Structure formats: C-alpha cells, structure tokens
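Structure first, commentary second.
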Amino acid sequence: MVQIRYFSGYIRNYRRLCEELGINLPLSREEREARILQEGFLRWGVQITDHLYGAFAFALYDEDSERLYVFRDQVGQKQMFYAPVGGELLCSGDINEIVADSRVEKRLNKRMLQQYLFYGYPIGEETFYEGVYKLMPGHYIVWDGKEVAICCYFKPLFTPEPDKSAEDFAEEIRTVVNEILTEEREDTELPYKESFLSGGVDSSYLLAAGDARCANTVGYAEADFSEAELARETAAVLGRDFRVKTITPEAYFERIPEVMDKLGQPLGDASAVAFSLGCQAVAEHAQVVYSGEGIDEFFGGYNAHKRELPSDWVYLTCSHIMSEDVVKALMRDYDPGVHAADPLLEMWDEVKGQSPLAQKLTIDISFWLEGDIYLNTDRTSTACGIELHTPFSDLRLFRVASRIPSEYQFQDEQNKVVFRMAASSVLPRESAFRKKVGFPVPVRKWLADPLYHQPVAEKLFGESSQMLFDQTVLREMWQRFIGGEALLWNRIYAIYVFLVWYDLKFN
C-alpha cells in the first residue's frame with residue numbers, strides 16, 4: 001500500500017500514464033493524479049520520476065518497506081523543504097508550514113544570510129532556518145525513520161550533437177512545444193486559461209502556440225521600464241484579449257511584507273513583488289495561467305552566458321549583487337569559513353569538461369533558476385490562489401536544448417537563436433528576434449525618491465539591522481545610493497527585504 005503524504009503540482013502527460021498504468025478515465029484531477037503516483041510507484045519505484053512530465057513535489061509512504069519517499073521535479077518548478085524532528089520527517093513545499101511546527105526551533109541561519117548577500121537569493125540546500133533544508137531539483141529522499149538518504153536522479157548536463165543543423169533543432173523544438181501544449185489543451189478539467197505576456201519571445205511564443213484566451217502583463221507609469229505596449233501589440237497580432245495591471249510605487253512597497261511572508265524566505269529579486277501583483281490581478285478572472293520560465297536557462301538567454309570567464313574562475317550563476325569583501329565588511333558576524341562558491345563547487349567540478357556555455361547553463365538551471373525564479377513563481381502564484389503552468393520548463397524541451405551546439409545559440413547581438421528560429425514559425429520575425437529586455441521594475445527610481453525611501457531607511461537602520469549589520473558600512477552604502485550611485489539599488493533592496501522578512505519571522 002502506498003500513501004500520498006504530500007503532493008503539489010500537476011502531471012501534464014496524465015493521459016498516456018493512465019493508459020500505461022491501466023487507470024480508467026474519466027476521474028477528477030485529484031483522483032487521477034493520486035492513482036498515477038500510487039500505481040506508478042508500485043510499478044517503477046523511485047524511477048517514477050522518469051515517467052512524469054509537469055511540475056511536482058510529492059511524498060509517498062510505502063507501508064511495505066516502512067519508508068517515506070520525497071521527490072522534487074527535475075528542474076525545481078515546485079518547492080520542497082524538509083526537517084527531521086523527533087523520529088519524523090516534516091516535508092512541505094511551504095517552508096512556513098515546517099517552521100510553524102512546535103518541534104522546530106526557529107533560529108536564523110547566518111551562513112545563508114552571508115550567501116544571500118552575495119547572490120540576492122537563497123542558494124543551495126540550506127535555508128534561512130537552522131535545521132530546515134531544501135530538497136534540490138532532480139533529487140529524492142528516502143527516510144527510514146532515522147536517517148535522511150538523499151539521492152540524485154537527474155542533472156541538467158549538456159551533450160551537443162554537431163551533426164545536426166540549427167534548423168533541425170528548431171524543428172525539434174516546434175515538435176516538442178506542440179506535444180507539450182497539446183497535452184495542456186487535453187486537460188478538459190481546466191478549460192479556461194490565461195497567460196502572462198511580456199515583450200519578449202518566450203511568453204510571445206507560448207501565447208501564440210497555446211490555448212490561452214487572454215494575455216496579462218504588468219506596467220508602470222515609467223514608460224522606459226514598461227513592456228505593456230509591446231505586449232499589447234503582440235496580443236493584438238495574435239488575436240487575444242489583453243489586460244494590463246499598472247503597478248504604482250505605493251502598491252509595490254505595500255505588497256513587500258506579504259510577498260516576503262508567503263515566499264517563506266527573503267528574495268532580493270525585485271520582480272517577485274511585481275509578479276505577485278500580476279498574479280493577484282489574474283486571480284480575479286482565471287484559475288490557471290501560463291508563464292514562459294525556463295527558456296533563458298535552457299537555451300542561453302542572458303548576457304552573462306556570452307561573456308568569457310578567466311579559466312581559473314568559477315561561474316557563480318548569472319546573479320550576484322555584492323562581492324565577498326563587501327559582505328565581509330557589512331556583516332557583524334562574518335564567517336570566514338563560508339564562501340560564495342561553496343554551494344556549487346561540486347557541480348562546477350562535474351561540468352569542467354563541457355563548453356563554457358554548457359557549464360554556465362548547468363549552473364544556472366541547478367541554482368539560479370530553482371533558487372530565484374521558481375521560488376518566486378511557485379510561491380507567489382500559490383499564495384494568490386492560482387495555478388501557474390510553465391510548459392517551457394518541461395523536461396522534453398530541455399532534452400532538445402541539451403543537444404544544441406553552443407555555436408548555434410548566439411549570432412551577432414542575438415541570444416538563444418535556435419529557439420527564436422522555432423518561434424518565428426508562429427510569430428512575426430520582429431517579435432521572435434526582439435532584443436531581450438527582461439522583467440524590469442522601476443525600484444531603483446522609487447528607492448531614490450524621498451516620497452518612498454523614508455520607510456526603507458527606517459528599516460535599514462532599525463533595531464534588527466543594528467544586530468546584524470555594521471551600521472557605518474550600511475549608512476555609507478545608503479548615502480552613496482541616495483547621492484546618485486544608482487547601481488547600488490539591488491544591494492539596498494536585498495538588505496531591505498531581508499529585514500522586512502526577518503522582522504516578520506523573528507520579532
């Protein structure tokens with residue numbers, strides 16, 4: 001007998017699995033997913049994840065072996081945390097549920113704080129709580145009541161096939177995208193879906209090829225930060241309805257405490273709050289929304305992927321906001337035994353024989369994508385009561401990306417060229433090959449505006465900050481920012497949202 005102790009996510013290829021496992025349809029979605037997990041585990045054991053496509057984190061108790069098995073999907077679209085306490089393994093995709101247990105002693109993990117200040121997001125297996133850990137993507141746990149055995153079942157490694165042309169791979173992408181989105185359409189229990197849309201190729205391709213009836217974006221009064229008009233043009237070309245949520249600085253700053261609370265851990269990525277407000281707007285008229293995460297990390301979409309590194313450097317993901325010297329000066333209890341590279345050195349050693357691009361993509365998928373992007377999208381959408389589907393994070397699409405030679409991915413100023421070639425089959429060329437903008441938020445302008453930065457300053461130099469950070473160093477950083485060093489905004493923001501989170505959880 002197999003008991004389902006926890007499940008979060010969705011199984012995209014459920015029809016094929018039900019046929020293979022002899023599960024008769026129709027069933028409610030909850031029933032069919034439960035049957036798939038139970039019957040699949042009985043047939044395949046821990047290899048069950050080799051058969052699942054979608055986003056998932058789940059825990060199964062096998063009564064025969066008296067063991068608990070905890071799984072997280074290959075690239076980490078769904079969160080999973082755990083803590084062994086009193087002969088029991090607590091596990092949940094919501095870290096708040098774990099630390100709410102009276103047996104868990106809430107203590108700030110200052111090692112994670114030190115890493116966070118460097119990266120701007122919680123990286124690796126540790127969390128901001130001592131004794132609470134994150135199950136990394138592509139891993140599962142076997143718990144026998146005494147010990148946690150962690151096993152790896154997937155690594156995002158790249159094995160290029162140079163005998164195929166760029167157009168061959170573009171056609172593979174089109175085929176796989178069609179397969180994935182056909183499965184999405186077939187889930188008739190979710191007949192109405194919407195989609196997030198920016199001005200970029202990823203979300204535009206998803207909207208063009210998918211079944212979403214309405215596109216949603218966020219915008220700002222600051223036109224140089226807003227992609228709303230580009231998104232509106234794309235939606236019009238594709239014949240879809242369109243909605244824009246205009247975000248004001250007042251709404252943004254008011255939302256920060258709720259977002260940090262629901263995330264469960266602080267996240268210095270300013271787009272998280274904007275994404276939360278976007279999710280809230282979608283929740284007024286839809287329960288399921290598509291989003292285009294995964295493509296930049298699978299296909300090489302960031303400028304950092306094009307830069308050459310000295311041969312003796314370690315690639316510390318595409319996002320880091322402070323040097324270790326700055327972190328050392330800032331933290332009152334700096335630990336010289338904790339280094340920024342620690343969480344990813346093992347993976348870095350494993351990818352040394354790959355191309356420079358493949359090395360970077362493996363690192364970004366393994367750490368940045370799951371630790372920043374998916375933490376944001378999973379927890380904020382869930383908190384807003386909507387289900388986020390990320391079809392372009394499907395493992396089948398990664399399998400295509402993993403075989404594309406690096407030299408196909410960049411052309412002049414363009415990145416992820418092969419994916420753009422695939423997208424151009426359903427998008428105007430102008431949209432498919434539009435230069436990447438990202439998900440900009442005008443926070444650096446708002447933080448420097450006296451109308452908004454006073455409450456930020458009060459938090460930065462408050463009681464909690466005084467316990468953790470050198471006030472002279474922090475004040476000097478703040479004054480330089482206010483004085484015009486705009487590039488310091490991400491450091492200020494990351495410290496500020498950490499302090500917001502810390503006061504919510506520990507004061």
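The values are calculated or read from the model by the stated rules, or taken from the named source; none is laboratory data. Treat the numbers as computed from the prediction; the structure is a model and nothing was measured. Cβ: placed from backbone, ideal geometry, glycine included. Neighbour counts: every protein chain shown. All accessible areas refer to the heavy atoms of the entire protein, side chains included, with ligands and DNA or RNA removed. Shrake-Rupley method; radii C 1.70, N 1.55, O 1.52, S 1.80 Å.
Miscellaneous remarks
- Selected residue (only one of Tyr502, Tyr452 is assigned to a helix (DSSP H, G or I), in contact (Cβ under 8 Å) with a residue 40 or more places away in the chain and either closer than 18 Å to Ala329 by Cβ or within 26 Å of the chain's Cα centre (by Cα) (or both)): Tyr502
- Restricting attention to segment 360-383, the residues that are of a type in the set (A, V, I, L, M, F, W, C) and in contact with a Leu (Cβ under 9 Å, 6 or more places away or on another chain) add up to 4.
- Test: Glu179 is in contact with a Lys or Arg (Cβ under 8 Å, 6 or more places away or on another chain) and part of a loop (DSSP other than H, G, I, E, B): no
- Some residue of segment 223-243 being acidic (Asp, Glu), within 29 Å of Asp94 (Cα to Cα) and touching a residue at least 24 places away in the same chain (Cβ under 8 Å): no
- Among the residues of this structure, Gly120 counts as one that is out of contact with any strand residue (DSSP E or B) (no Cβ under 9 Å at 6 or more places or on another chain), of a type outside the set (Asp, Glu) and at pLDDT 95 or above.
- Residues that are among the small types (Gly, Ala, Ser), surrounded by 14 or more Cβ atoms within 10 Å (Cβ to Cβ) and at pLDDT below 95, drawn from segment 5-47: none
- Count of segment 400-428 residues, restricted to those that are under 26 Å from Gly353 (Cα atoms), assigned to a helix (DSSP H, G or I) and touching a residue at least 40 places away in the same chain (Cβ under 8 Å), is 7.
- Residue list for segment 151-160, restricted to those being under 14 Å from Tyr69 (Cβ atoms) and either surrounded by 15 or more Cβ atoms within 10 Å (Cβ to Cβ) or at pLDDT below 95 (or both): Tyr153
- Checked across segment 232-252, the condition of being among the β-branched types (Val, Ile, Thr) and within 30 Å of Ile404 (Cα to Cα) holds for at least one residue.
- Among the residues making up segment 372-421, those that are in contact with a strand residue (DSSP E or B) (Cβ under 8 Å, 6 or more places away or on another chain), among the acidic types (Asp, Glu) and either open to solvent by 10 Å² or more (accessible area, probe 1.4 Å) or more than 25 Å from Asp163 (Cα to Cα) (or both) are Asp378, Glu387.
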